[in-house]
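Following: one structure in structure tokens, then a few remarks.
The values are calculated or read from the model by the stated rules, or taken from the named source; none is laboratory data. Because the structure is predicted, anything quoted here is derived from the model rather than measured. Here the Cβ is made from the backbone with ideal geometry for all residues, glycine too, and neighbour counts use every protein chain on show.
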Amino acid sequence: MKHKEIPSKEHLSYLRKTQKKNVVVLILRVSLLLLLLGVWELATAMNWVNPFITSSPSRILKTIGEMYKSGTLFYHVGTTLWETLVGFFLAVALGYGIALLLWWSEIFRRVSEPYLVVLNALPKIALGPLIIIWCGTGSVAIVFMTVIIGLIIAIMNMLSGFMATEEGKLLLMRSMGASKAQILTKLVIPSSLPNFISMLKINVGMAWIGSIMGEYIVSKAGIGYLIVYGGQVFKLDLVMSAVFILCVLAAAMYAIVAMIEKLVIKNK
């Protein structure tokens with residue numbers, strides 16, 4: 001029967017200090033946000049800045065409320081969210097799989113590396129006209145744009161993690177007669193877990209960039225469409241409202257990945 005380990009007074013003191021520090025950081029974050037919003041609202045109310053150009057927190061909330069009442073809010077949010085999530089998961093899955101193949105075959109890796117560098121440096125927006133021709137003007141084109149933006153980053157991040165496995169551990173497993181598949185599953189993949197989490201965090205941002213960029217090029221609905229449409233008809237309250245919604249969704253998605261990271265570290 002295992003005895004429950006009793007933490008020392010020093011350890012408990014350290015935990016309390018850490019908890020207090022985290023609470024202080026959270027309070028400061030919220031206070032800073034409220035301060036910025038308050039200054040923004042005051043500046044527009046006092047006509048220090050033109051509210052038509054900069055909008056204001058109250059105007060943004062009013063615009064979001066109007067969209068909710070008209071039934072268009074969740075339609076546009078749902079469209080972009082669906083495109084972003086599908087593109088995100090496809091980019092992560094394909095990138096992880098291709099990185100495994102590159103680690104497995106040195107020849108394949110050496111042949112592919114210069115092409116990956118070139119594709120990573122290529123501005124994906126330049127492929128916009130081709131994507132429209134290839135995929136049409138629907139959600140498929142937007143998902144495709146999201147995938148190609150996140151794919152190369154996923155490949156390069158995971159390949160870097162796989163190749164960073166400690167050489168001493170690799171030699172030890174080889175000396176014990178482990179096969180390449182056993183080395184991969186027992187050592188390489190587990191040791192690359194931090195890189196996987198880091199790749200997820202990066203690709204959260206890339207996924208939103210890809211979906212919004214795709215909606216800039218071709219869309220009839222979504223947050224990117226609202227931004228483009230609002231700019232064209234000079235409804236800047238709509239533009240700022242769409243940007244605000246985009247920030248909330250991206251932050252929520254990043255928070256989910258951060259929660260997954262904490263669970264992984266806790267159970268490691």
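Residue count for the range 130-152, restricted to those that are part of a helix (DSSP H, G or I) and either under 18 Å from residue 81 (Cα atoms) or touching a residue at least 60 places away in the same chain (Cβ under 8 Å) (or both): 15.
Residues of the range 179-212 being among the aliphatic types (A, V, I, L, M) and closer than 16 Å to residue 249 by Cα, which ones? Explain how you work it out, then say what you get.
So in the range 179-212, the residues among the aliphatic types (A, V, I, L, M) come out as 181, 183-184, 187-189, 193, 197, 199-200, 202, 204, 206-207, 209, 212.
Once the filter is applied, which keeps residues that are among the aliphatic types (A, V, I, L, M) and closer than 16 Å to residue 249 by Cα, the range 179-212 yields 200, 202, 204, 206, 207, 209, 212.
One residue stands out among those in the range 109-131 that are surrounded by 15 or more Cβ atoms within 10 Å (Cβ to Cβ) and among the basic types (Lys, Arg): the one that is modelled with the highest pLDDT, which is 109. Among the residues of the range 182-203, write down those that are in contact with a Ser or Thr (Cβ under 8 Å, 6 or more places away or on another chain) and within 15 Å of residue 104 (Cα to Cα). 187, 188, 192 - these are the residues of the range 182-203 that are in contact with a Ser or Thr (Cβ under 8 Å, 6 or more places away or on another chain) and within 15 Å of residue 104 (Cα to Cα). Answer with yes or no whether residue 134 is over 30 Å from residue 190 (Cβ atoms), at pLDDT below 90 and assigned by TED's automatic domain parsing to the domain that holds residue 64. The answer is yes for residue 134.
Taken over the range 35-59, the criterion of being within 28 Å of the chain's Cα centre (by Cα) and exposed (fewer than 11 other Cβ atoms within 10 Å of the Cβ) is satisfied by 35 alone. Taking the range 218-268 as the range and being touching a Ser or Thr at 6+ places or on another chain (Cβ under 7 Å) and not in a helix (DSSP H, G or I) as the test, the residues that pass are 218, 221, 222. Filtering 209, 155 for residues that are out of contact with any Phe, Trp or Tyr (no Cβ under 9 Å at 6 or more places or on another chain), assigned to a helix (DSSP H, G or I) and not aromatic (Phe, Trp, Tyr) leaves a single hit, 209.
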